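K.L.:
Below: one structure in structure tokens.
Readers should treat all values here as calculations from the given coordinates under stated rules, not as data from a laboratory. Being a predicted model, the structure only gives us computed values, none of them experimental. When we count neighbours, we look across all protein chains shown, and the Cβ atoms used for this are built from the backbone with ideal geometry, even at glycine.
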Amino acid sequence: MQLTTFIYALAAVQSVTAHSLFTTLSVDDVSQGDGVCVRMPTNPSTATYPLNDLTSDSMACGFDGTKGVARVCSVNQSAKLSFTFRESPDGSTPGAIDVSHKGPCAVYMKAVSSAINDKGAGGGWFKIFDEGFDKTTSQWCTEKLMANNGILSVQVPSDLAGGYYLVRPELLSLHESDKSPPNPQFYAGCAQIFLTSSGTAVPQDTVNIPGYVSITDPSVLYSIYAPKGDYVTPGPAVYKVGASTKVAAMQASTAQTQTEGLLPENVVLTNANWWGVEVASYSTEAGCWSSSEACWAQSTTCYAQAPPTGSKNCKLWEAKCQGIQDACSSGNYNGPPNQGKSLIAGAVYSGMAAAGSSATKSAATQVPVSSTISKPMPTGTEPSSATPTVSRMSKQSFATSQPKTTLQKLYIAAAPTPTSSTTSSTNNDEDDTIDDTDDACEPKI
């Protein structure tokens, strides 16, 4: 098949197929909120595209993943972390990933000095979980993920040293891996966490991402239609508790206090990694209009920073600003209305600093983010046409994620011999009627 023909065919296939995106982190079964502490692509219309170029820095934390987000979630020693994957990042349609997208799952971690500033790409990554094909249930890990509402859960190794980490869930779909050229499709993202732990272990068996897998590896050329031999997951072995005795001096001694990614004490609303703080009190006309302007400025930032999971809480903030503006217009110069009231129904902000404390003066001493959102964000309407918007995802709007020039050249130059059959040319994304009779099995994710 000609390379250009393959790329055009792939574009046609992906244009009608929603893929998947890691959208939500939960800590000990408490959702941190859609997009909170999660690095995501900035373009909603391409957010669920697969990672095809195995040499790209995007392999580490996804598209646009070299840039950190403003919040870091607090995690306790041995905590359970859960990662939600969705076909539609904003949850407007159900589903985690297409039923044809079968393959393994993995979770990696990387100790960093700053969860916000570290680019992710590079060395230091170690694996804490993986699962390929389960012979007992005759299911791939992604099939279990689908049956479990798109949620993959793991436990943080109990002996890890405290400090900042990036946590990277990964899905690999093998439904196009036996083609020529092959098209393994990775879906990965990163959550930013701060681990409070008495452990001192720093895993030594680490890998570079990108670099831990190549287009010639059997793990990405395996045929799920005509399997030959047992499947071996890509990457290093899973880290085992007690396997490392090295102590990181900085982590063990000074990194037990979180100093970044924290909520300020006067937050009244959040939308993913944006937060809105109460505007200044006023009792004059000038003060009223000044606070109105400050409120609308925060609204603009909310919409501009909204990730693919949506901007519904920006609409709530917009209503707050409209209320202040209306009060100013009517001559009511005492406010703001409902000063300091949380705009999130059921929201819990734990550990708020006392007024006048140092927490109000520096982001380095603000309130930890862990478990700040105990319930899902309320459903809201789309922003008004006068405000910046974030487009909803559409299953009909996808095209190929990238030309895969590097991937194709590497494959053709290496001329690998696949370890599995490549005769299943009729199995592709256009067939969405694959019979997954094992989906009813109890997921073990």
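K.L.:
Can you grab the distance from the C-alpha centre of the range 196-219 to the C-alpha centre of the range 59-92, Å, no decimals?
P.N.:
18
K.L.:
From the phi of every residue in the range 67-83, what ³J(HN,Hα) in whole Hz does the Karplus formula 6.51 cos²θ - 1.76 cosθ + 1.60 yield, where θ is phi - 60° and glycine or proline is x?
P.N.:
Along the range 67-83, the couplings run 9, x, 9, 6, 10, 10, 8, 7, 9, 8, 3, 6, 5, 8, 10, 10, 10 Hz.
K.L.:
Right, something else. Using a simple spin-label model with points 7 Å from Cα along the Cα→Cβ vector, what separation in nm is obtained for residue 230 and residue 136?
P.N.:
Between residue 230 and residue 136, the label points sit 1.5 nm apart.
K.L.:
List the extent of the Cα atoms of the range 259-352 along each of their three principal axes, largest first, rounded to whole Å.
P.N.:
The principal-axis extents, from largest down, are 38, 29, 25 Å.
K.L.:
Another question, if that's okay. Report the semi-axes of the equivalent ellipsoid for the range 92-230 in whole Å, largest first, where each axis is √(5λ) for an eigenvalue λ of the Cα gyration tensor.
P.N.:
29, 17, 14
K.L.:
Just to verify a number: FRET efficiency for residue 64 and residue 284, C-beta to C-beta distance, R0 = 30 Å, to 0.05?
P.N.:
Step by step, r from the Cβ atoms, then E = 0.10.
K.L.:
If r is the Cβ-Cβ distance from residue 208 to residue 342 and R0 is 41 Å, what FRET efficiency results, to the nearest 0.05?
P.N.:
0.40
K.L.:
Any chance you could run the full-extension gain for residue 180 through residue 198? It's 0.36 nm times the residue separation minus the Cα-Cα distance, nm to one decimal.
P.N.:
Net length gain for the segment: 1.5 nm.
K.L.:
What nm value, rounded to one decimal, do you get for the distance between residue 293 and residue 277 when each label is placed 7 Å out toward the C-beta?
P.N.:
Calculated label separation equals 1.9 nm.
K.L.:
Something else about it: Report the gain in length on full extension from residue 237 to residue 155: 0.36 nm times residue separation, minus Cα-Cα distance, nm rounded to one decimal.
P.N.:
Full extension from residue 237 to residue 155 adds 27.9 nm.
K.L.:
Per-residue counts of other Cβ atoms within 10 Å, averaged by peptide: what ranking do you get for 337-344, 27-34, highest first?
P.N.:
27-34, 337-344
K.L.:
Evaluate E = 1/(1 + (r/R0)^6) for residue 326 and residue 45, where r is the Cβ-Cβ distance and R0 equals 41 Å; express this FRET efficiency to the nearest 0.05.
P.N.:
With R0 = 41 Å, the Cβ-Cβ based efficiency is 0.75.
K.L.:
Another question about this same structure. Once the convex hull of the C-alpha atoms of the range 47-155 is built, how many Å³ does it hold per residue, rounded to a whole number?
P.N.:
Dividing the Cα hull volume of the range 47-155 by its residue count gives 136 Å³.
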